[in-house]
Structures are given as structure tokens and as C-alpha cells.
Amino acid sequence: MYAQEVKSTGKGVKSLDEMDPQERAFQERIDADIKIEPKEWMPDGYRKTLIRQISQHAHSEIVGQLPEGNWITRAPTLDRKAILLAKVQDEAGHGLYLYCAAETLGVSRDQMTEDLLSGKAKYSSIFNYPTLTWADIGAIGWLVDGAAIMNQVPIQRCSFGPYSRAMIRVCKEESFHQRQGYDIMIKLANGTNAQKEMAQDALNRWWHPSLMMFGPPDDQSVHSAQSMAWKIKMNTNDELRQKFVDETVPQAEYLGLTVPDPDLKWNEERGHYDFGELDWNEFYEVIKGNGPCNRERLEARQRAWTDGAWFREGLVAHAEKRASRVAAE
Ligand code: FAQ
């Protein structure tokens, strides 16, 4: 069996000529857009990269419930509360599909949970920022779900069957999330002066972290080249970031809000917006665990795990009792 560790650096991507026959046949299937299914042979590096990306993605959905969950009890109307509740529940569902997709690759749910709770596993940087006002709920739906869609729509076409199929449903739900967020922003931006200021303040705080969701600049991205060759990623981080800026700036203009970037300017020649350099030190600090809410988020997940122990134990006891009754019959 082919067991060479594929180094996931841009430079480490092998050409077809450098591959052994099994690996070459695998790559040719990917190049022909044939999906890879869990029980089929795959290079170790492909499996590892998928486990890393899908589990990080699942953790992001789970931890991502926390910033918005913080506002469920304080939503301004019953309708807003019902919508937010449904949205946060959708995120839990996304986490579960994704954990299942990762499990098909041989990693256990327990292992993934342990990695999250111990702080070993990464989850999206964006969820380490606080939700200070109701407008933040609008900004998250509009910008964070908007960025998530931009990233995940192409992954619907990725090479691994379970991940690509999970993305189809996830993207449908994310579209509703984005619309509900933008709807909150429309109401606030057209409300009183104080409401408009609150919307602007949320945009000011969430704009740059949302752009960082796409990952480091291409020249610092460790995994992009190999992940793109394997069609685990379909675009580079900078390509998707640019697409997001191009689509979102007109939406901010429609709201009458100002994107907090003095360097933002339409570039006629490129047919894209130019935008200012992001603070990548901030990004690396956040993913190292030093963002404004990293500790709080992890503690919330650890508490939920501990508090839920009685329920998990109850389920196991019930399943064991049932199994022994069936065996006795
Ligand atoms: N945060 O070489 P690359 C959502 C890490 S879901 C934290 O470019 P890659 C729904 C990266 O892991 C949001 N870490 O990495 C929702 C790697 O470290 P490692 C999540 C980041 O994997 C909405 C290192 O930096 N979406 O929002 C981040 O090729 C509202 C080098 O980076 C997904 O996970 C980051 N932002 O590209 C839920 C989508 N960026 O692992 C609730 C699938 C990079 O070597 C409420 N994932 N890193 O230790 C992907 O498309 C990719 O994994 C990227 C990163 C694009 C995120």
C-alpha cells in the first residue's frame, strides 16, 4: 500500500510522473471529477488533510453557536428569537453532518471531541470575537455566513463524496442565515440614528475578522497547493477573499454603511476592489489561542461536555439494557 507521507506544502505537490501507479490512478480520477468514497483507497496525506479540514469545519459550526446563542434570550422580538433559535440549531446540525463525514475516514467522534476540548484542534478564528450588541447578530449572519457560503459553495464540488454532499445541504441553510442577517442590518440601517450607529459599529468590528476567515494570504498558506491538487479546496484563500469583498461592498453601500477600510477602492483595470492589508499578526494570535474570547469559548464547550455526562451515561445504560434484553429473547 502506498504510505508515503505527503507533505502539505505548495512545493510538495507531486507531478503525475513522480507518482506510483496507485497514486497516479487516484489523481487521474480526481482530475476527471470522479468522487472518492470512504472505502476506496486514498493516499494517507489525502485522508489526513480531509480529517483535519472537515473536523476543523465541524468544530467551527459547534463553537460558532456560542456568539449568537448569547443573544437568543435577548432577541428584540418573538419572531427574531424564533429565527435565531432555528439558525443556531442549524449550525449544530451542520456540525453533526460534518463529524459524520469525518468519521467515514476512520477518526472517531470521541477523538475529535477530545481534540476540541483539550484545545488541540483548531476552529474558525471568527468565533473568538464577542457579540456586544444585537447588531452583531445581523453582522454575523450577513458577513460570517456570507463568507462561509463563499467558501463552501465551491466545496460542494470537492472530490470527497461525503464532504461534498454535506455541503449541498449546509449551503442551502447558510443562504437563509445570510439573508436573515442582512435583513437585521436593513432594519437597523433604516432605523433611528442610534440603530444605524449600532449597525455601523458592528460592521466596523466584524469586517476585518470576516476577511480573515478565508485563511492566511496565499503565499503563507501551508496547505492550499496540495489541497487544490486533490480538489479538497477548489480556490485559494485570496481568490475567495477577493470575491467576498467584491460581492459584499455593494451590499454595504445599499445599507448606507461605510466599510472600515480607507484603502478600499474600485480598480477599473482589475475589475475588482483593491483593499487594505489585514493585520495578520492578529490572525495568528487568535488561532494560537490568544483572541478576545478563545478561553471563554473553550470553557463553554468543556462545561457543556461535563454537564451532559449524565445524559450520555443514561443513553449508554439504556442501549446496554436493550441489547441484553434482545440477546435474552
Ligand atoms: N481560523 O494552509 P491554510 C461557518 C489555519 S464555518 C482558524 O490556508 P487550509 C458557519 C489552518 O487550519 C467556518 N484557523 O489552511 C457558521 C492551518 O492550520 P493547521 C469554517 C485557520 O486548511 C456561520 C493554517 O491556518 N469553515 O462559519 C483559519 O488550506 C455562523 C494555515 O492555513 C471551514 O472550515 C481560520 N480562519 O485553509 C457557523 C470551511 N484559516 O490546520 C456558525 C472549510 C486558516 O495546519 C455561525 N475549511 N487556518 O494547524 C477551509 O476551506 C480551509 O480549511 C480554510 C483554511 C480556508 C479555512
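The values are calculated or read from the model by the stated rules, or taken from the named source; none is laboratory data. On a predicted model such as this, the values are computed, not experimentally measured, just so you know. Neighbour counts are summed over all protein chains in view; Cβ atoms, including those assigned to glycine, are modelled from backbone coordinates with ideal geometry. To get the accessible areas, we keep the full protein, side chains included, count just its heavy atoms, and leave off ligands, DNA and RNA. Shrake-Rupley method; radii C 1.70, N 1.55, O 1.52, S 1.80 Å.
For segment 35-65, enumerate the residues that are without any contact (Cβ under 8 Å) to a residue 60 or more places away in the chain and in a loop (DSSP other than H, G, I, E, B). If the condition is that a residue be without any contact (Cβ under 8 Å) to a residue 60 or more places away in the chain and in a loop (DSSP other than H, G, I, E, B), then 39, 40, 41, 42, 43 are the ones that fit. Yes or no: segment 305-322 includes at least one residue that is over 30 Å from residue 27 (Cα atoms) and in contact with a helix residue (DSSP H, G or I) (Cβ under 8 Å, 6 or more places away or on another chain). Yes - at least one qualifying residue is present in segment 305-322.
Taken over segment 64-86, the criterion of being near the ligand (Cβ under 8 Å from one of its atoms) and not small (Gly, Ala, Ser) is satisfied by 65, 67, 68.
Restricting 245, 222 to those that are within 9 Å of the ligand (Cβ to nearest atom) and over 14 Å from residue 141 (Cα atoms) reduces the list to 222.
Taken together, the criteria place residue 111 among residues that are in a helix (DSSP H, G or I), modelled with pLDDT of 95 or more and more than 12 Å from the ligand (Cβ to nearest atom). Is it fair to say residue 166 is within 9 Å of the ligand (Cβ to nearest atom), more than 18 Å from residue 189 (Cα to Cα) and either in a helix (DSSP H, G or I) or at pLDDT 95 or above (or both)? When the stated conditions are applied, residue 166 does not pass them. The single residue among 92, 121, 148 that is outside any helix (DSSP H, G or I), within 11 Å of the ligand (Cβ to nearest atom) and either surrounded by 19 or more Cβ atoms within 10 Å (Cβ to Cβ) or not polar (S, T, N, Q) (or both) turns out to be 121. Put simply, of 139, 102 the only residue that is closer than 21 Å to residue 212 by Cα and either open to solvent by less than 30 Å² (accessible area, probe 1.4 Å) or more than 10 Å from the ligand (Cβ to nearest atom) (or both) is 139.
Among residues belonging to segment 192-216 that are assigned to a loop (DSSP other than H, G, I, E, B) and near the ligand (Cβ under 9 Å from one of its atoms), point out the one that is surrounded by the fewest Cβ atoms within 10 Å (Cβ to Cβ). Can you show your working first?
Residues of segment 192-216 assigned to a loop (DSSP other than H, G, I, E, B): 192, 213-216.
Okay, now just the ones that are also near the ligand (Cβ under 9 Å from one of its atoms), so 213-216.
Numbers: 213: 23, 214: 22, 215: 22, 216: 17.
Filtering segment 192-216 for residues that are assigned to a loop (DSSP other than H, G, I, E, B) and near the ligand (Cβ under 9 Å from one of its atoms), the one surrounded by the fewest Cβ atoms within 10 Å (Cβ to Cβ) comes out as 216.
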